[in-house]
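J.: Next up is a structure, given as structure tokens.
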Amino acid sequence: MATLNEQLAIILKHQVEPPVDLIAIARDLGLSIFRAKGWTDDLSGMIRKAPDNPEHYNIYVNASHHENRRRFTIAHEMAHFILHRDLIGDGIVDDALYRSRLSNNIEAQANRQAADILMPFHLINPLIDSGITDIQKLAERFHVSASAMSIRLGVPYEATAV
């Protein structure tokens, strides 16, 4: 099993340009990703041990969610794998409103790590320095929601009606 530093090095290896390739990261971490159909909208994703191999982990993501939401969910579940593997057992379930049995602190840690995976500052800062400062444009570049990008940058964002 790879150490935390080895896992972070795997992630960094794939953070060369936006959008970050989550499928490649998952492959190199030894994770499989599946789109789950038929889930209610309030369930975003889950990570659990593979039924046929307890050393392998599967991430399930709600197939009906928008691509940007699925990307954040995958990164969030990867974060649980990296930070909270000892808690996974039968499955850590994440839903959009943090109604899982996990503490808010554990979910907040996973959200911060997910943001680090999807929107690393070493990729954001050069774009900002080159003049791309619009939250929506940055979000589109990283394939994340404008809300996620605004939270990452610590700036308010209000969506405008079209």
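J.: Only residues that are touching a residue at least 12 places away in the same chain (Cβ under 8 Å) and loosely packed, with under 13 Cβ neighbours inside 10 Å: list them for the stretch 2-15, please.
T.: L4, K13
J.: Let me ask another. Please work out if G89 is under 22 Å from M149 (Cβ atoms) and either surrounded by 19 or more Cβ atoms within 10 Å (Cβ to Cβ) or at pLDDT below 95 (or both).
T.: Numbers: under 22 Å from M149 (Cβ atoms): no; either surrounded by 19 or more Cβ atoms within 10 Å (Cβ to Cβ) or at pLDDT below 95 (or both): yes.
No: the conditions fail for G89.
J.: Can you name the condition, by its number, that N62 falls short on among (1) among the polar types (S, T, N, Q); (2) buried (at least 18 other Cβ atoms within 10 Å of the Cβ); (3) at pLDDT below 95?
T.: Failed condition: (3).
J.: Restricting to the stretch 33-55, count the residues that are surrounded by 14 or more Cβ atoms within 10 Å (Cβ to Cβ) and of a type in the set (S, T, N, Q).
T.: Residues flagged as surrounded by 14 or more Cβ atoms within 10 Å (Cβ to Cβ) and of a type in the set (S, T, N, Q) within the stretch 33-55 amount to 1.
J.: Quickly run through the stretch 25-58 and pick out the residues that are among the polar types (S, T, N, Q), touching a helix residue (DSSP H, G or I) at 6+ places or on another chain (Cβ under 8 Å) and modelled with pLDDT under 95.
T.: Just the residues of the stretch 25-58 that are among the polar types (S, T, N, Q), to begin with: 32, 40, 44, 53, 58.
Then drop every residue that is not touching a helix residue (DSSP H, G or I) at 6+ places or on another chain (Cβ under 8 Å), which leaves 32, 44.
The answer is S44, and nothing else.
J.: If L29 passes every condition in (1) closer than 17 Å to A115 by Cα; (2) surrounded by fewer than 20 Cβ atoms within 10 Å (Cβ to Cβ); (3) of a type outside the set (G, A, S) but one, which one does it miss?
T.: Unmet for L29, out of (1) closer than 17 Å to A115 by Cα; (2) surrounded by fewer than 20 Cβ atoms within 10 Å (Cβ to Cβ); (3) of a type outside the set (G, A, S): (1).
J.: Ok, one more. In the stretch 92-113, what residues are under 18 Å from R35 (Cα atoms), crowded, with 19+ Cβ neighbours inside 10 Å and either modelled with pLDDT of 90 or more or among the β-branched types (V, I, T) (or both)? Show your work before the answer.
T.: Step one: list which residues in the stretch 92-113 are under 18 Å from R35 (Cα atoms), which gives 92-96.
Now restrict to residues that are crowded, with 19+ Cβ neighbours inside 10 Å: 92, 94.
The answer is I92, and nothing else.
J.: How do the pairs read when you match residues in the stretch 44-56 that are touching a residue at least 40 places away in the same chain (Cβ under 8 Å) with residues anywhere that are polar (S, T, N, Q) and assigned to a strand (DSSP E or B), using Cβ under 9 Å and keeping only pairs 6 or more apart or on different chains?
T.: Close Cβ pairs satisfying both conditions: S44/N62; G45/N62; M46/N58; I47/N58; R48/N58; K49/N58.
J.: Of the conditions (1) modelled with pLDDT under 90; (2) surrounded by fewer than 12 Cβ atoms within 10 Å (Cβ to Cβ); (3) farther than 20 Å from R27 by Cα, S130 clears all except one; give me its number.
T.: Single failed check for S130: (1).
The values are calculated or read from the model by the stated rules, or taken from the named source; none is laboratory data. Computed from a predicted structure; not experimentally measured. Using ideal geometry, Cβ is built from the backbone for each residue, glycine included, and neighbour counts are taken over all protein chains shown.
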